[in-house]
Each structure stands twice: as structure tokens, then as C-alpha cells.
Amino acid sequence: LMLFNLYLWKICLKNWRLPPKSYQQKRPQRDYGYNKITEKKISPFLKFLTYFRGPIPWMIEIAAVLSAITIQVEKRSHFRL
């Protein structure tokens, strides 16, 4: 039991470290900069265009085009679709 306690103390002392000093803490900050996430700016127009990307908006756009085509066909012809 005494040897086991000595073994545990040896492990604890081996893994124990002092907290970093102030100059050690500032070194990564100086080398790599502040820990900030840069925010990407996107124009409002491009953000608006992203809403029209995907299968559902495409189906709505195709439906609008087909509707416009059928209205033009009905106006120019003597028969109704």
C-alpha cells in the first residue's frame, strides 16, 4: 500500500505544472493575434439573391414562366388552353 501511494504521488508530481507566466500567455497572442472570428460582410443584394437558390424557388420560377407563356398563347390564339 505504501508503494502504491508513492507511485500515485510520483504521477501527480510528474503531471503537475505551474500556471503560465504573463509573458508566456502573451506570446501566442503576439504571434497569432487575438482569438477573434472575422465577420464576412455580404451585400444586401447578394443576400437577397441567395433566397432564390434551391429546388423550391426554381419550381416557383418555372411555374411563373409557364404561366406567362400560357397567358401569351391564350391572347394570340382563338382557342383556350
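The values are calculated or read from the model by the stated rules, or taken from the named source; none is laboratory data. Owing to the predicted nature of the structure, the values given are computational and were not obtained by experimental measurement. Backbone-built Cβ (ideal geometry, glycine too); neighbour counts: all protein chains shown.
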Of residues in the stretch 28-53 being modelled with pLDDT under 75 and surrounded by 10 or more Cβ atoms within 10 Å (Cβ to Cβ), the one nearest to residue 64 (Cα to Cα): 29
statement: The number of residues in the stretch 61-81 that are at pLDDT 90 or above and within 34 Å of the chain's Cα centre (by Cα) is 4
